[in-house]
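Report on one structure; see the data block that follows.
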4 protein chains.
Amino acid sequence: MSEKIRGLLDRIRAFMESDVYALEQETSPKSFFSILPELEQKRMKVKEMGLWTPQVPEAWGGLGLSLAEFGQISEVLGRSPYGLFIFNCNAPDAGNIEVLISQGTEEQQERFLRPLLAGAIRSCFSMTEPEHAGSNPVEMSTTAVEVGDEYMINGHKWFTTAADGAAFAIVMAVTDPLAESPYARASQIIVPTDTPGFQRVRNISVMGEEGEGWMSHGEIVYENCRVPKSNLLGDQGAGFAVAQERLATGRIHHCMRWIGICERAFEMMCERAVTRRIGSAAPLATKQTIQNWIAESRADIDASRLMVLDTARKIDEAGPEAARTEISVIKFFVARVLDTVLDRSLQTHGALGMTDDILLSFWVRHERGSRIYDGPDEVHKSRVARRVLREYGLRL
Amino acid sequence: MSEKIRGLLDRIRAFMESDVYALEQETSPKSFFSILPELEQKRMKVKEMGLWTPQVPEAWGGLGLSLAEFGQISEVLGRSPYGLFIFNCNAPDAGNIEVLISQGTEEQQERFLRPLLAGAIRSCFSMTEPEHAGSNPVEMSTTAVEVGDEYMINGHKWFTTAADGAAFAIVMAVTDPLAESPYARASQIIVPTDTPGFQRVRNISVMGEEGEGWMSHGEIVYENCRVPKSNLLGDQGAGFAVAQERLATGRIHHCMRWIGICERAFEMMCERAVTRRIGSAAPLATKQTIQNWIAESRADIDASRLMVLDTARKIDEAGPEAARTEISVIKFFVARVLDTVLDRSLQTHGALGMTDDILLSFWVRHERGSRIYDGPDEVHKSRVARRVLREYGLRL
Amino acid sequence: MSEKIRGLLDRIRAFMESDVYALEQETSPKSFFSILPELEQKRMKVKEMGLWTPQVPEAWGGLGLSLAEFGQISEVLGRSPYGLFIFNCNAPDAGNIEVLISQGTEEQQERFLRPLLAGAIRSCFSMTEPEHAGSNPVEMSTTAVEVGDEYMINGHKWFTTAADGAAFAIVMAVTDPLAESPYARASQIIVPTDTPGFQRVRNISVMGEEGEGWMSHGEIVYENCRVPKSNLLGDQGAGFAVAQERLATGRIHHCMRWIGICERAFEMMCERAVTRRIGSAAPLATKQTIQNWIAESRADIDASRLMVLDTARKIDEAGPEAARTEISVIKFFVARVLDTVLDRSLQTHGALGMTDDILLSFWVRHERGSRIYDGPDEVHKSRVARRVLREYGLRL
Amino acid sequence: MSEKIRGLLDRIRAFMESDVYALEQETSPKSFFSILPELEQKRMKVKEMGLWTPQVPEAWGGLGLSLAEFGQISEVLGRSPYGLFIFNCNAPDAGNIEVLISQGTEEQQERFLRPLLAGAIRSCFSMTEPEHAGSNPVEMSTTAVEVGDEYMINGHKWFTTAADGAAFAIVMAVTDPLAESPYARASQIIVPTDTPGFQRVRNISVMGEEGEGWMSHGEIVYENCRVPKSNLLGDQGAGFAVAQERLATGRIHHCMRWIGICERAFEMMCERAVTRRIGSAAPLATKQTIQNWIAESRADIDASRLMVLDTARKIDEAGPEAARTEISVIKFFVARVLDTVLDRSLQTHGALGMTDDILLSFWVRHERGSRIYDGPDEVHKSRVARRVLREYGLRL
């Protein structure tokens, strides 16, 4: 670890402790908008500290970090539900920023990227459809038909995260239904949310909460929704290639964020174990079952971090294609660890763990999705196996 | 299985299908009160059908069933979050009814039991305290001091389920702090909720929801709360003995209800597996991982039912003391199965499983408590081991 | 449980304790033949006690028990590696006896069944082939071609259990390769082991031991091996139907035997836990991890027994076809429990568990096969899922 | 990874493929001595290649590698049961060599270390006692009493690995029973195996095999066994400190060896999955359960390697004390992975996996000990928890 990243991590850790954790009493199920002014203040402070949007290249105002370096920051920020938002590197904005930097036209960058980088607007990514398995991206019903110099979009999406209040969506839609390869049929198109025909039906109630703002998942209907062709992001038909691009980076961000959550849940478990008395004198920590959970969690979290950072290094050195297997491996490995560590920590807290008085319930509910989104773990396992088996001469 | 119980089960199953499942769209996180009129209609209908409060003896208006027989009804009712309430056999009312029948004075039965049996009022049970491990019931801070012909109660309770709207609470409080046996120090006392000094602080937000009415968990402060000594339930100092009494029955009720939930989640998993397409043609059910989950769930649920009914039969034949080990075994065995089956079913539903559009999220969130309440699974495992090891000459 | 079976179980338990357990120092890897005289003495004693071949109908000299009744005996006998042999109900003789009673001609019964029932000879069952997955019985290379009034058998079998010293084999071979249904191509044929062309290549070294006699697994080559057509067992082409017949009974026998092993391993674990000291005073049983293992094993074993006996009762009442799902369920459920309980018991014994000074190593090694033979657990899970999914309208 | 270690690994891998794997048909349960001449030839060849005893410093004829570097070699050698022996770095010789280099007097090094380094003799390490839990090393009955200028040793040891044919044992015995600290009571003493009173009672039959030579575990009785005081290794009373020294290195060696076994079992599983047909056409690898096992094993093995090498680097940089937690973590983490990967590979092989025709059974049987020796996993988990909890202010 370089001096540079070590220094950065120290500063960010200090800021999390001084400024962010105190906000957590506001997580759930209270209103996002009630806390927004405070979050904006923190974002201002982060800008002043020169730590804003740390994930992007220096040319775009970021810190010019490698993926392995930013990954370590992502872990620290992930320790609070507010961390990544306060530093302007939360999903889906971070991915949208990445794609706009890499694929955006100058006009698109001026209109959509700049304000996103400045934190003046928010955005969303509209890919998943209720009627199709997210794990099979070639199945997609949403279409974008060329009408004059416009695309007319029709379709039904959901889990368009943070659509509530977003300025624009990047929409995945079929533009070339007859293309031979199913991977060459869809395109990514930028759709301002005030475009006629963009209808946010609702914030989906997820695990007991509809949420608000960036803490929500939108259901969207596109009905004859027209945008100029200049809103095409990347080449027509290159929707999957572009989506693939953001995937590798996003995986590292997510996994390191999950590890941040794990560490926090682990600390809560240990704190609880030493302070909760069972009977007159003995703390919970004297119980061997609790000790087993602590030891196994320590092992699982450390293994996760080593794997994710090793994968990040491989991507930094040789690109995402060279790390395809690892990128799938960390998905299911870390998602399972997250699930398990949260479960152990909740159980250690007993009834308190069930309440929204502490953060665990929030994570248990909302991070359950980690085993599902970006392809369920089961799909990634099959992918890993298929890649391995190719070395044994079998193509499945 | 007798003809009688077979007929009953058929009628109740039919009623669940015709009248109850349709209500489920109202589960969460919508208001309990908005649906209350419909629930009351259903309760009326159940009374007319002669199926009301089926768990109590015929002398008290019930069906006079054995525990093993009612257990099977509890499974059917447990298939919906509304089932047990509609039949007036939900917790904690069912337990309070049982204790009032067995321990209540004539006056208590007249004033508290009759309207409870009639479904005119609701009640709650106030035992768990935030500052003490629920698994160690001899640790309790709430006191009831004799002042003249009254008890003056002071203390802090939480997870007083259904306190919101309840007419009375049965409170566990220390009346005899100097009794030699720690198990002879507490008593159960009936406290009408309109008694001065009974303060419902809040409905605790649990897994993202504060809930309402019987679907809530209250935090209660007792501050110089006075009730006449005639509100003592059973003997003074017999609080644990009385609590123990309701435990065995309650365990069977709970476990069979969990099995009902399991069966429902299992059916949803199978339905999803045959209807959800992955790719152009193949349903999800063609995936061996899903097949494994179906087979393992089938095995786990069947094993659970056989164990719980076997335990119920033992209690019916020889009393709860003779089935002490089994009563602990089914707690951790079935709670784990419930957790696992719900997890598999949710995962099979993908993103939809995360939403409140279907019931799974409700159960995943609220039934997570099954591994905690009535003593965490870990405590029951140690208890079982200790009982087993006595046969090998070791007293732990 | 009837008085009859209760009395039988008491007598058999007493005999196991007085006569059988003491033989166990001779299990492994010592010679089977060195202990054979003692085993023969015990068999004689069992005959004198009127308990010989208890699984067969009274007409054939057995005790005329239902499957659920004999299952309970199988558990008690399974507690020792010698139990079933001493009572003449061990595999594969028990299965061969069952099939010969049901399918054998009078001549076959006279020549092969009578001496088997008398314990004068042993037999083996030759089905599994090294080149084909045992889980897919329609894949089979061994052929039996009609030549005059003989069958000429050619093929390669292995895991022909107890071939060493057996008087005859029942061989599964393809007689009707062109039959439309793949299930109508094979037949079962009785082959005396002294028939020219029957070559026992070796006792396969399994988990470190070649074994001897009935404690061995033979590799057999059939080379132009000719037997009279009168040696056909059941109809030609009915090989699978006949094999199916013995399967249900065999499953109950095996599963109950496994439960017997579980109980024994459980007892050893408890004994070890109370006697082994860690440090100056505390026995191993004070460790919560050990307590967890004891409690979970108690639960798992009890669940297993309830499931297997429930399945046996279903077979007794409605025949094996009605219990097809359950017969698959108990296979993978109980095999997994066996594996887990043995593993926990071994771990509790530490280094001693690794040695052949106690029985655990023998079972851990040889019962590992329980998850494989009669169809690997994975195959049974898929079968159960397929049967379940039919109720949801899907045929896989 | 340096060029140096990369080159070494390539050469060793090539040698394993050209010279070592072919020997494996001789593993089990055939005689060690029958293959000894071949092994000696291979050892000669390794010496000629300049790869002999690679783990020791250059001054002692080794390759002067860091622990992290040798760890990678240990993985490659661990891929065959013969690898480490052929390179003269197998346990317990490797540990004895390490201690003799660090603690041995010049005389001891001349007499015991030199021939050990040369591969002219073998040695053993005699610590574990049948009557005491190996996890609690302060419990020990073997004594060494000073009689004149000799130690007279009495005691009972077992699992003195490779005692059969060893030239000397390093014995752990209590020399200072009255020392205040229980960790200051024992000493390590060198005992030539031809010393009167050194009695090798037997090679313990372990998992079905008594073994021979270095593939055996001895039970030893020390009866008035006298050796000169100059055979004391390190200071008197420093037995634990000296044992601790070899532990860290040994842990890395073992864990990397286990990873080598995992990789080999993984390769066998993949080979089997692509070659074994189920039914007419589809290979086993089309089954998603098999794919899950492949993917999960890939993840588990990669996580293991990253953790062990990370631990080795910490030891290289800051010494074993700084890596105490990690040294315990990798014990239980990698031992569990080894167990699981072997189990999956065996299951994938079906009946063949049960036989001694392939290596899996050998590893499944003998590496089951990995979860037990050097402290059972359960003990290491408690140790890790205790170290973690110290940071939370609790000393257990």
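The values are calculated or read from the model by the stated rules, or taken from the named source; none is laboratory data. Computed from a predicted model, the values in this text were never measured in an experiment. Counting neighbours? That spans all protein chains shown, and the Cβs are built from the backbone with ideal geometry, glycine included.
Any idea which residue in segment C:122-139 is farthest from C:Gln188 (Cα to Cα), counting only those that are out of contact with any Asp or Glu (no Cβ under 9 Å at 6 or more places or on another chain) and either within 7 Å of chain D (Cβ to nearest Cβ) or part of a loop (DSSP other than H, G, I, E, B) (or both)?
C:Asn136
Is it the case that D:Ala303 is in a helix (DSSP H, G or I), farther than 26 Å from D:Ser382 by Cα and modelled with pLDDT of 95 or more? Reasoning before the result, please.
Values: in a helix (DSSP H, G or I): yes; farther than 26 Å from D:Ser382 by Cα: no; modelled with pLDDT of 95 or more: yes.
No.
Criterion first (away from every other protein chain (no Cβ under 14 Å), among the aliphatic types (A, V, I, L, M) and farther than 21 Å from B:Met256 by Cβ) does B:Leu84 satisfy it?
Against the criterion (away from every other protein chain (no Cβ under 14 Å), among the aliphatic types (A, V, I, L, M) and farther than 21 Å from B:Met256 by Cβ), B:Leu84 does not qualify.
Does segment D:313-323 contain any residue that is buried (at least 22 other Cβ atoms within 10 Å of the Cβ), at the interface with chain A (Cβ under 10 Å from one of its Cβ atoms) and assigned to a helix (DSSP H, G or I)?
Within segment D:313-323, none of the residues are buried (at least 22 other Cβ atoms within 10 Å of the Cβ), at the interface with chain A (Cβ under 10 Å from one of its Cβ atoms) and assigned to a helix (DSSP H, G or I).
Determine, yes or no, whether D:Val329 is surrounded by 23 or more Cβ atoms within 10 Å (Cβ to Cβ) and either within 13 Å of chain A (Cβ to nearest Cβ) or touching an Asp or Glu at 6+ places or on another chain (Cβ under 8 Å) (or both).
yes
Restricting attention to segment B:95-110, does a residue exist that is at pLDDT 95 or above, within 16 Å of the chain's Cα centre (by Cα) and among the aliphatic types (A, V, I, L, M)?
Yes, some residue in segment B:95-110 is at pLDDT 95 or above, within 16 Å of the chain's Cα centre (by Cα) and among the aliphatic types (A, V, I, L, M).
Which residue, of A:Leu394, A:Leu342, A:Leu346, is at negative phi and part of a loop (DSSP other than H, G, I, E, B)?
So the residue among A:Leu394, A:Leu342, A:Leu346 that is at negative phi and part of a loop (DSSP other than H, G, I, E, B) is A:Leu394.
Would you tally the residues in segment C:140-153 being at pLDDT 95 or above, assigned to a loop (DSSP other than H, G, I, E, B) and either buried (at least 19 other Cβ atoms within 10 Å of the Cβ) or of a type in the set (Val, Ile, Thr) (or both)?
Total meeting the criteria: 1.
Would you mind finding the one in D:Leu394, D:Leu352, D:Leu309 that is within 11 Å of chain A (Cβ to nearest Cβ) and either more than 24 Å from D:Phe266 (Cβ to Cβ) or surrounded by fewer than 21 Cβ atoms within 10 Å (Cβ to Cβ) (or both)?
It is D:Leu394.
I'd like the full set of residues that are of a type in the set (Val, Ile, Thr) and either modelled with pLDDT under 95 or in contact with a strand residue (DSSP E or B) (Cβ under 8 Å, 6 or more places away or on another chain) (or both), limited to segment C:311-351.
Residues satisfying the conditions do not exist here.
Test B:Cys262 against the stated conditions and say whether it is farther than 30 Å from B:Val171 by Cβ, in contact with a helix residue (DSSP H, G or I) (Cβ under 7 Å, 6 or more places away or on another chain), more than 10 Å from chain C (Cβ to nearest Cβ) and in contact (Cβ under 8 Å) with a residue 60 or more places away in the chain. Show your work before the answer.
Values: farther than 30 Å from B:Val171 by Cβ: yes; in contact with a helix residue (DSSP H, G or I) (Cβ under 7 Å, 6 or more places away or on another chain): yes; more than 10 Å from chain C (Cβ to nearest Cβ): yes; in contact (Cβ under 8 Å) with a residue 60 or more places away in the chain: yes.
Against the criterion (farther than 30 Å from B:Val171 by Cβ, in contact with a helix residue (DSSP H, G or I) (Cβ under 7 Å, 6 or more places away or on another chain), more than 10 Å from chain C (Cβ to nearest Cβ) and in contact (Cβ under 8 Å) with a residue 60 or more places away in the chain), B:Cys262 qualifies.
When you scan segment D:102-121, how many residues do you find that are part of a helix (DSSP H, G or I) and loosely packed, with under 14 Cβ neighbours inside 10 Å?
Going through segment D:102-121 one residue at a time, the tally reaches 5.
To keep it simple, each residue is scored yes or no on (1) polar (S, T, N, Q); (2) in contact with a Gly (Cβ under 8 Å, 6 or more places away or on another chain).
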{"position": "B:Ile290", "(1), (2)": "no, no"}
{"position": "B:Asp302", "(1), (2)": "no, no"}
{"position": "B:Leu309", "(1), (2)": "no, yes"}
{"position": "B:Lys314", "(1), (2)": "no, no"}
{"position": "B:Val334", "(1), (2)": "no, no"}
{"position": "B:Val337", "(1), (2)": "no, no"}
{"position": "B:Gln347", "(1), (2)": "yes, yes"}
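Answer yes if at least one residue in segment A:17-27 is free of Cβ contacts under 8 Å to residues at least 40 places away in the same chain, in a helix (DSSP H, G or I) and under 21 Å from the mean Cα position of the chain (by Cα), and no otherwise.
Yes, some residue in segment A:17-27 is free of Cβ contacts under 8 Å to residues at least 40 places away in the same chain, in a helix (DSSP H, G or I) and under 21 Å from the mean Cα position of the chain (by Cα).
On the basis of being surrounded by 21 or more Cβ atoms within 10 Å (Cβ to Cβ), out of contact with any Leu (no Cβ under 8 Å at 6 or more places or on another chain) and within 12 Å of chain C (Cβ to nearest Cβ), does B:Val341 make the cut?
no
So is B:Phe362 facing chain C (nearest Cβ under 10 Å) and either outside any helix (DSSP H, G or I) or not acidic (Asp, Glu) (or both) or not?
Considered against the rule, which asks whether it is facing chain C (nearest Cβ under 10 Å) and either outside any helix (DSSP H, G or I) or not acidic (Asp, Glu) (or both), B:Phe362 comes out as no.
When C:Asp357 is evaluated against the numbered criteria (1) among the acidic types (Asp, Glu); (2) in a loop (DSSP other than H, G, I, E, B); (3) within 21 Å of the chain's Cα centre (by Cα), which criterion, by number, is the only one it fails?
(3)
Looking only at segment A:201-237, which residues are of a type in the set (D, E, K, R) and closer than 25 Å to B:Leu360 by Cα?
Once the filter is applied, which keeps residues that are of a type in the set (D, E, K, R) and closer than 25 Å to B:Leu360 by Cα, segment A:201-237 yields A:Arg202, A:Glu209, A:Glu210, A:Glu212, A:Glu219.
Pull out all pairs, ordered by first then second residue, where Cβ-Cβ is under 8 Å, the residues are six or more apart or on different chains, the first lies in segment D:228-249 and is under 18 Å from D:Glu317 (Cα atoms), and the second is part of a strand (DSSP E or B).
Here the result reads none, with nothing in segment D:228-249 linked to a residue that is part of a strand (DSSP E or B).
Which ones in segment B:333-368 are within 24 Å of B:Lys381 (Cβ to Cβ) and without any contact (Cβ under 8 Å) to a residue 60 or more places away in the chain? Quick ask: steps written out before the conclusion?
The initial filter retains those residues of segment B:333-368 that are within 24 Å of B:Lys381 (Cβ to Cβ), namely B:333-344, B:363-364, B:366-368.
Of everything in segment B:333-368, those that are within 24 Å of B:Lys381 (Cβ to Cβ) and without any contact (Cβ under 8 Å) to a residue 60 or more places away in the chain turn out to be B:Phe333, B:Arg336, B:Asp339, B:Thr340, B:Asp343, B:Val364.
Look at segment D:113-128 and say how many of its residues are over 18 Å from the mean Cα position of the chain (by Cα) and of a type outside the set (A, V, I, L, M, F, W, C).
Matching residues across segment D:113-128 total 2.
Filter segment A:196-249 down to residues that are hydroxyl-bearing (Ser, Thr, Tyr) and out of contact with any Lys or Arg (no Cβ under 8 Å at 6 or more places or on another chain) and give me whichever is farthest from the other protein chains (Cβ to nearest Cβ).
A:Ser230
Output the residues belonging to segment A:268-304 that are within 9 Å of another protein chain (Cβ to nearest Cβ) and of a type in the set (Lys, Arg).
A:Arg276, A:Arg277, A:Lys287, A:Arg298 - these are the residues of segment A:268-304 that are within 9 Å of another protein chain (Cβ to nearest Cβ) and of a type in the set (Lys, Arg).
Taking A:Arg11 as the residue in question, decide whether it is assigned to a helix (DSSP H, G or I) and either surrounded by fewer than 16 Cβ atoms within 10 Å (Cβ to Cβ) or touching a Phe, Trp or Tyr at 6+ places or on another chain (Cβ under 8 Å) (or both).
Working: assigned to a helix (DSSP H, G or I): yes; either surrounded by fewer than 16 Cβ atoms within 10 Å (Cβ to Cβ) or touching a Phe, Trp or Tyr at 6+ places or on another chain (Cβ under 8 Å) (or both): yes.
So A:Arg11 fits the description; yes.
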